[in-house]
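Input: a single structure, listed below in C-alpha cells.
The values are calculated or read from the model by the stated rules, or taken from the named source; none is laboratory data. Just so we're clear, the structure is a prediction, and the values are computed from it rather than from any experiment. Glycine also receives a Cβ, built like all others from the backbone with ideal geometry; neighbour counts cover every protein chain displayed. All accessible areas refer to the heavy atoms of the entire protein, side chains included, with ligands and DNA or RNA removed. Shrake-Rupley method; radii C 1.70, N 1.55, O 1.52, S 1.80 Å.
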Amino acid sequence: MNGPASAIDTLVCLHFLGGSARTWDAVRARLGDRLRCLALDLPGFGEAAAVPGYAVAAMADHVAARIRAAAPGRFALAGHSMGAKVALALARRAQDGDPDLAELGRLVLVAGSPPSPEPIPEERRAKMLAWIDADPGTRAREARAFIRQNVGAPLPPEAEDAAVADVLRAAPAAWRAWLESGSEEDWCARVGVLRIPALVLAGSEDADLGPAGQAALTLPHLAQARLEILAGAGHLLPLERPDAVADLIAAHLDAAEPRPPAAPAIPADYAALIASDRVNPRLRAALGQRAEADDPAYAPSALDPVELALLRAVVARVLPEAGFDIAARLDARLASGAGDGWRFAALPPDAESYRVGLRSLDAAARASGAPFLARDGAEQDALLRAAQAGELAVPDMNDRSGLDAERMVLWFEDLRADAVRSYLGHPATLARIGFSGIGAGGSGAVDDDGLAKDLPGFVRTAGPPESWEPEAAR
C-alpha cells in the first residue's frame, strides 16, 4: 500500500467542526503547484449542508465516494479536528484493502479528534449545543466567540469573517450530531494500529487536542508517526499557521518511506553456538522465533492500542536499551493465556491485571497534571517510583475499577519481572551476558532404556570457560 512518497500528487483535505472545504484555502495557496488539493465538505457543512449522514462511518462513506469519483491516483489524506477522526476511519479501510482507497499513501492529522471519545468538557459541550438553535443575533455572536476561543492569536479579519460564516451556514442538526454522538464514538478497536506514515500537528495552546491529547490518544494508533508542535497556535491550525502547515505537509509527502526496525544483532560466535548440536532443536527453534524482527504495527490482542503504548512507555523506563519490543511480546503472551502459573492473589488474572494497572497508572498521571504518555522520562520515573513505593494516588476512574496504591506495588513488581524475563530470554541478550547454558545439551542419542546418552555439555563445573563457550558481548 505504501509506495514511494514522491508519487503522491493529490492531497484530500477534511475540515473541522463548523468549517468547510475553504478552511484549507490558505494552505492550498501556499502549496501552489506542488500538488493538487481536493478539499471536501463533510455532510452538514459548507456546500454539503443539505447532505445527510453525520455519523463517522457515514461521513467516511461520503468522502470515499468523492475520492472514487475524483480518481486522484496516489494521494494523501489530511483531516483537521473532526475531519481527522473521519480520516482515521478511512485509513483503516485503506489498510484493510478497500479498493477505492488503495492509493492512500500518507496521512496528516491536524489537531485531530482521536479514535476514542473526544475529551470535550461537558460544560463546554452544553454551551455549544445551547446556542446553535438560538436567534440569529445570538448565533452570530456565539459563532464568532467559538472561532476566537479556538485560536492562539487573533486571525486576520477576513479569515475570521469567513470562518464565522462557515459556522453559521452549517446545518444545526450536523452540529448537534457531532457534539452529541459523533465526537463520542469510540473507534479505538476499529482503527487499531495503522501502518501508514502519518504527520500529527498540534498547537501548543490547544487545550483539549493539543500535544498532550495527541500523545495520549492519537499517536498510540500510528506505528509510523511524527508529532510536530506549533508554538503559540491554537486549534485552527490551517487558518492560523497556513505557511507552517503547508511546509510540514510538503516535507511529509517528500520524505522517504520509513525503514522497519531491524532485529537486534546476534554475534557470529553466539549464532554458531545456537546452530550447533549442543543446543536442543526445540530450544533452537524458540530462540530463532525470539530473534525475529518485531512488527512496528503490531496489533495488540490482550490490550488495546493505548494500553500497549502505555506498556511500551513503562518498559522503556525499566529496560531503556532492550532493543526489541518487549511490550508487544508480553501482549502476545497475555493473549495466548500462557504464563508461569503464578500470580499475586490480590491481583486479577494476568491480562485484566495489566489492563487495569496501566489505566490506573495513567489515571494517576492525569490527576496530577498530564497523561503518562505526554510526560517526559523523569516525570514517568517519578510516577513509577511512587507506584513501587506504594505511594501512587489513583483517583476514581468513572465506572472502571482501578488498583489502589497497595496493589499497584504488586502490579509493578509483576510487570518488571515479566519484562526482565522476556529481555533475558532473547538470544541477543544471552549473547550480551555470555550465557552459555543453552549449550548444555542437544538432541543426543537414546539408549535401549530410552535415556539420553552422548549429550554435549559442560566438562568442567568451575574454572575458566570451555573452548566452545562464547565470550560476553559486553
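Inspect region 412-425 for any residue being touching a residue at least 12 places away in the same chain (Cβ under 8 Å), under 30 Å from SER467 (Cβ atoms) and not aliphatic (A, V, I, L, M) and give the result as yes or no. Taking every residue of region 412-425 in turn, at least one turns out to be touching a residue at least 12 places away in the same chain (Cβ under 8 Å), under 30 Å from SER467 (Cβ atoms) and not aliphatic (A, V, I, L, M). Taken residue by residue, region 238-253 has no member that is over 30 Å from GLY457 (Cα atoms), assigned to a strand (DSSP E or B) and under 20 Å from the mean Cα position of the chain (by Cα). Consider PRO136 carefully, then state whether it is within 30 Å of ALA370 (Cβ to Cβ) and out of contact with any Ser or Thr (no Cβ under 9 Å at 6 or more places or on another chain). Criteria not met by PRO136.
When restricted to residues that are open to solvent by less than 10 Å² (accessible area, probe 1.4 Å) and either in contact with a strand residue (DSSP E or B) (Cβ under 8 Å, 6 or more places away or on another chain) or over 18 Å from TRP187 (Cβ atoms) (or both), region 83-116 contains 18. Working only within region 111-136, note down all residues that are part of a loop (DSSP other than H, G, I, E, B), more than 17 Å from the chain's Cα centre (by Cα) and closer than 22 Å to ALA57 by Cβ. Within region 111-136, just ILE120 meets the criteria. Residues that are surrounded by fewer than 22 Cβ atoms within 10 Å (Cβ to Cβ) and of a type in the set (D, E, K, R) within region 117-135 comprise GLU122, GLU123, ARG124, ARG125, LYS127, ASP133, ASP135, listed in sequence order. For region 254-274, the set of residues classified as open to solvent by 80 Å² or more (accessible area, probe 1.4 Å) and not in a helix (DSSP H, G or I) consists of ALA256, ARG259, PRO260, ALA262, ALA265, listed by residue number.
Scanning region 206-226 for residues that are in contact (Cβ under 8 Å) with a residue 12 or more places away in the chain, touching a Leu at 6+ places or on another chain (Cβ under 8 Å), surrounded by fewer than 17 Cβ atoms within 10 Å (Cβ to Cβ) and not small (Gly, Ala, Ser) turns up at least one hit.
Note on region 90-122: residues that are acidic (Asp, Glu), more than 27 Å from VAL27 (Cα to Cα) and modelled with pLDDT under 95 total 1. Set side by side, the residues ASP277, ASP295 differ, and just one is part of a loop (DSSP other than H, G, I, E, B) and in contact with a helix residue (DSSP H, G or I) (Cβ under 8 Å, 6 or more places away or on another chain), which is ASP295. Listed here are the helices (runs of 4 or more DSSP H) enclosed by region 311-411 that have at least 3 residues being over 30 Å from PRO119 (Cα atoms) and either open to solvent by 40 Å² or more (accessible area, probe 1.4 Å) or aromatic (Phe, Trp, Tyr) (or both): 326-336.
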